[in-house]
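Encoded as structure tokens, the structure appears first; notes follow it.
The values are calculated or read from the model by the stated rules, or taken from the named source; none is laboratory data. Every value quoted in this text rests on a predicted model; they were computed, and no experiment measured them. FYI the Cβ positions are ideal-geometry reconstructions off the backbone, even for glycines, and counts take in every protein chain you see.
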């Protein structure tokens with residue numbers, strides 16, 4: 001009995017000892033924090049990897065180390081997988097992608113089509129489908145070469161940047177890999193990707209010496225919005241043209257609305273309304289054979305800044321301000337709608353709304369939804385509620401006696 005127990009223990013220990021035989025040691029892995037995709041002049045894939053240096057990221061401060069926290073290199077291939085496999089010719093470590101939180105594609109890649117990238121992500125279980133996808137108007141690889149002063153890991157800095165916007169603090173709605181796949185599998189929908197750009201001298205910011213300066217020669221910045229039809233890039237929306245998209249798609253949680261005060265002659269006298277809560281409802285209808293989308297927006301928030309001479313104790317003053325805020329939100333929404341109609345790109349979810357409301361008629365519309373979308377009329381109603389006006393009831397120009 002005792003001999004049998006000892007034998008069982010020996011077998012168990014042997015199994016445990018050999019359980020990790022097929023695994024790779026952690027210190028043999030190259031942790032990829034971000035990846036960029038470009039196409040060269042021969043339409044070969046140029047994949048750029050941003051690899052974390054563990055010994056350089058002990059401190060969370062961006063400029064605390066004596067060497068770069070990451071290393072960046074590229075490899076070429078006729079396919080994405082071939083380019084990734086060729087990375088073994090340059091690095092002694094096996095690339096590990098599960099921590100890659102950012103994928104940047106160049107505009108050239110976007111025009112060529114991102115279907116091959118998405119196919120690769122769907123097939124490879126080692127890839128992270130929650131990674132943020134961004135587009136660069138120039139070479140995507142240059143974005144990964146920029147060091148960030150406040151974060152030791154530039155890839156995480158980009159992810160945090162787009163993550164903050166994802167909380168609704170901006171007009172830019174982020175797009176993760178799985179969201180991009182979902183949008184592009186919908187034949188009536190168009191996808192959008194935020195642009196990541198280098199503002200300043202990017203070459204200088206790739207040097208560790210730049211982190212020793214109080215002002216960086218270059219920063220990474222979110223700017224325009226790229227629009228896709230199917231899997232190919234269709235065009236850009238400016239910041240102003242993209243402001244209304246989160247409102248219409250009900251993805252906006254909080255933002256700031258800048259508006260003019262009634263009766264002010266000087267345009268520099270503006271006010272800021274901070275949106276704390278927003279809700280949008282879409283109601284598709286058919287009127288005389290024409291498609292009509294009713295968009296109802298309800299926003300609540302606070303008046304956080306004003307340079308106008310206002311008596312905020314009066315309810316009629318607040319009602320007037322709410323009206324001006326409503327008008328500004330309506331302008332932003334209509335501007336985005338007109339820009340997307342011109343591109344014949346439904347990035348607003350109107351197709352899905354009409355499909356649910358009119359499933360039989362949708363069979364006819366779906367075959368030519370681009371043209372149907374370009375003919376849709378939109379009716380926007382906005383209701384704004386000012387909850388609070390801050391700690392003072394009058395504007396500073398009013399209480400200081402400097403009001404004109």
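Considering every residue within the range 35-52, establish whether at least one is at pLDDT below 95, crowded, with 18+ Cβ neighbours inside 10 Å and more than 26 Å from the chain's Cα centre (by Cα).
There is no residue in the range 35-52 that is at pLDDT below 95, crowded, with 18+ Cβ neighbours inside 10 Å and more than 26 Å from the chain's Cα centre (by Cα).
Give the residue, chosen from 357, 345, that is farther than 24 Å from residue 243 by Cβ, in contact with a strand residue (DSSP E or B) (Cβ under 7 Å, 6 or more places away or on another chain) and surrounded by 14 or more Cβ atoms within 10 Å (Cβ to Cβ).
Only one candidate qualifies: 357.
Consider residue 240 against the criteria (1) out of contact with any strand residue (DSSP E or B) (no Cβ under 8 Å at 6 or more places or on another chain); (2) surrounded by 17 or more Cβ atoms within 10 Å (Cβ to Cβ); (3) more than 30 Å from residue 364 (Cα to Cα): it satisfies all of them except one. Which criterion is unmet?
(2)
Inside the range 128-145, can you point out the residues that are under 19 Å from the mean Cα position of the chain (by Cα) and in a loop (DSSP other than H, G, I, E, B)?
128, 129, 130, 131, 137, 138, 139, 140
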